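So the structure is just underneath, and the comments pick up after that.
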Amino acid sequence: MATIAVVGTLDSKGHEHAFVAEQIRNAGHWALLVDVGALGDPQVQPDRTRDDVLGAASLVLPEIEDRGERVGVMAQAIPQYLKKLVDAGEIDGVISLGGGGGTAIATAGMRALPVGFPKLMVSTLASGNTAHYVGTKDIVMFPSIVDVAGLNQISRTIFSRAAGAICGMVEKKIESGNDKPIIVASMFGNTTECVDAARKIFEAKGYEVLVFHATGTGGRTMESLIESGMVAGVFD
């Protein structure tokens, strides 16, 4: 049985997140309902309050009820809070539903988590340019189709499928890889032959080679892995 954090602005989308939490529990997992609402009182009772989230980052919401400023503060707090939960082994995956503000907050938290950790964002923004929300991490962006504003024939279907997707992600057992040192390499069309030849040499010497497409995003992703300390060498 896994524990999945259901992170949401429960002041405006509490019932929708509660529905997803219920679907997760019906699938045999624990759901940890985390409130990141920045304005009114939560519509449903969270397992972890916004004060819990803010306290993890030693932050408080501005007294003035300016939505933009308050969303910005929550987006600063949730990365530290989720990272602490993951480091402590308290959660095995994270899912959220949101429009503009909710997506900004939740994906800020997801970007702080390791590559490979299950993270899914149901969003009204999933059909556009999601680079700002995904960054260099493996966040699954799931189109909400309709706005996250109530439960109806369409939203129940989408939210149920999303809950099933995150449950499937946490249930999948990943075989432990080898302990070979890692070399990362960038590659574009006109360098493919060179990189392929070099990769064979590195692998023959006992290295594992990760190749990244030099399209901008690929390079930034490669750099994020280098910064994580996982990488022994770079072939650029």
- Query: What single numbered condition from (1) open to solvent by 30 Å² or more (accessible area, probe 1.4 Å); (2) over 30 Å from Leu225 (Cβ atoms); (3) touching a Pro at 6+ places or on another chain (Cβ under 8 Å) fails to hold for Leu39?
  - Reply: (3)
- In this structure, does Ile174 turn out to be β-branched (Val, Ile, Thr), in a loop (DSSP other than H, G, I, E, B) and surrounded by fewer than 13 Cβ atoms within 10 Å (Cβ to Cβ)? yes
- Contact list, first residue from the range 8-28 and touching a residue at least 60 places away in the same chain (Cβ under 8 Å) and farther than 18 Å from Thr107 by Cα, second anywhere and assigned to a helix (DSSP H, G or I) and open to solvent by less than 50 Å² (accessible area, probe 1.4 Å), beta-carbon distance below 6 Å, six or more apart or interchain, is Phe19/Phe159; Gln23/Ser160; Gln23/Ala163; Ile24/Ala163; Ala27/Cys167
- Task: Would you confirm whether any residue within the range 65-72 is open to solvent by less than 60 Å² (accessible area, probe 1.4 Å) and either closer than 27 Å to Ser160 by Cβ or touching a Lys or Arg at 6+ places or on another chain (Cβ under 8 Å) (or both)?
- Result: no
- Task: Inspect the range 133-153 for any residue being of a type in the set (D, E, K, R) and part of a helix (DSSP H, G or I) and give the result as yes or no.
- Result: no
- Determine whether Ala27 is open to solvent by 50 Å² or more (accessible area, probe 1.4 Å), aliphatic (A, V, I, L, M), at pLDDT 95 or above and over 19 Å from Ala77 (Cα atoms). yes
- Task: Hey, could you check the range 80-103 for residues that are in a loop (DSSP other than H, G, I, E, B) and of a type in the set (A, V, I, L, M) and say which is most open to solvent (accessible area, probe 1.4 Å)?
- Result: Ala88
- From the list Ala106, Ala77, Ala162, pick out the single residue that is crowded, with 19+ Cβ neighbours inside 10 Å, within 10 Å of the chain's Cα centre (by Cα) and in a helix (DSSP H, G or I). Ala106
- If you take the residues in the range 129-143 that are modelled with pLDDT under 95 and open to solvent by less than 50 Å² (accessible area, probe 1.4 Å), which one is farthest from Ser228 (Cα to Cα)? Thr130
- Query: Any residue in the range 204-214 that is open to solvent by 50 Å² or more (accessible area, probe 1.4 Å), within 30 Å of Trp30 (Cα to Cα) and part of a loop (DSSP other than H, G, I, E, B)?
  - Reply: no
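The values are calculated or read from the model by the stated rules, or taken from the named source; none is laboratory data. Keep in mind that this is a model prediction, so the values were computed, not measured. Glycine gets a Cβ as well: all are built from the backbone with ideal geometry, and neighbour counts include every protein chain shown. When the accessible area is computed, the model is the full protein with side chains, heavy atoms only, and any ligands, DNA or RNA have been set aside. Shrake-Rupley method; radii C 1.70, N 1.55, O 1.52, S 1.80 Å.
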